[in-house]
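Here the structure is laid out as structure tokens; the discussion comes afterwards.
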Amino acid sequence: MRELKDEHHLKSLGIQVAAAQYDRQAVADHANNLAARIRGNLTNSMKAIGVDILDGFGTLVTPQKVKYGKPGAAEKTVTAKDVIIATGSTPFVPPGIEVDGKTVFTSDEAL
């Protein structure tokens with residue numbers, strides 16, 4: 001609760017206390033910075049324990065073999081004792097709701 005009374009903290013989240021309003025870009029910037037920090041911390045933690053991070057699209061060929069690549073690049077196949085699949089996320093939009101990016105938006109549009 002203390003944070004909600006701290007005008008400076010709220011402003012860093014894109015919320016202005018003087019009037020009932022918000023700065024959408026500041027909220028998006030805060031979300032982007034937070035996501036980047038979490039992603040960076042996780043990446044650094046994984047690398048610190050010896051995990052190789054392969055960025056791209058992949059197919060699990062066997063429990064220890066992954067074929068992966070990026071659009072426009074040649075695919076590679078790697079073998080590992082353990083494989084971690086991090087799929088990312090896709091926002092859920094309930095049926096009948098139209099995302100217009102102005103009044104209704106998902107985290108994809110916000111970021």
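The values are calculated or read from the model by the stated rules, or taken from the named source; none is laboratory data. A quick note: this is a predicted structure, and the numbers were derived from the prediction, not measured. When we count neighbours, we look across all protein chains shown, and the Cβ atoms used for this are built from the backbone with ideal geometry, even at glycine. Side chains are part of the model used for accessible areas, which takes the heavy atoms of the whole protein and leaves out ligands, DNA and RNA. Shrake-Rupley method; radii C 1.70, N 1.55, O 1.52, S 1.80 Å.
At 1.4 Å probe size, with no ligands or nucleic acids counted, give the accessible surface of Ser107 in Å², nearest ten.
Taking all protein chains as shown, Ser107 has close to 60 Å².
Share of the chain's accessible area from carbon and sulfur, percent, 1.4 Å?
The C+S portion of the solvent-accessible surface of the chain is 56 percent.
Within the set of other residues whose C-beta is less than 12 Å from the C-beta of Ala86, count the net charge using Lys and Arg as +1 and Asp and Glu as -1.
0
Under the rule that an exposed site lies in a DSSP loop and has at most 13 other Cβ atoms within 10 Å, name the longest stretch of the chain with no trypsin sites (Lys or Arg not before Pro) of that kind, not counting the sites themselves.
1-80
Given only helices, namely DSSP H runs of n ≥ 4 each adding -39500 (n - 2.57), what is the per-residue ellipticity at 222 nm of the chain, to the nearest 500 deg cm²/dmol?
Here the helix-only value at 222 nm equals -10000 deg cm²/dmol.
How much length would be gained if the chain were fully extended between Met46 and Ala80, taking 0.36 nm per residue of separation minus their Cα-Cα distance, in nm to one decimal?
Going from the current span to full extension adds 10.7 nm.
Within straight cross-link reach of Lys102, meaning Cα distance under 20 Å, which aspartates and glutamates are found once same-chain residues fewer than 8 apart are removed?
Reachable aspartates and glutamates: Asp23, Asp29.
Against the longest principal axis of the chain, how steep is helix 24-48, in degrees 0 to 90 to the nearest 10, with axes from Cα atoms?
Approximately 30 degrees, to the nearest 10.
Which of the lysines could a cross-linker bridge to Lys47, judged by Cα under 25 Å and excluding same-chain residues fewer than eight apart?
In chain and number order, the partners are Lys65, Lys67, Lys70, Lys76, Lys81.
Where nothing but the Cβ of Lys and Arg (+1) and of Asp and Glu (-1) is charged, how large is the charge dipole of the chain around its Cα centre, in debye to the nearest 20? Mind dumping the intermediate values first?
Values: 13 positive and 13 negative charges, 96 e Å.
In debye, rounded to 20, the chain gives about 460.
Rolling a 1.4 Å sphere over the protein heavy atoms, what is the accessible area per residue of the chain, to the nearest Å²?
84
Would you tally the net charge around Lys76, using a Cβ to Cβ cut-off of less than 15 Å, leaving Lys76 out, and scoring K and R as +1, D and E as -1?
Every neighbour counted, the sum reads 0.
Given a cut-off of under 8 Å on Cα pairs at least six residues apart, what relative contact order in percent is computed for the chain? Please report the intermediate quantities before stating the final value.
On the way: 85 pairs, mean separation 15.6, N = 111.
In percent, rounded to a whole number, it is 14.
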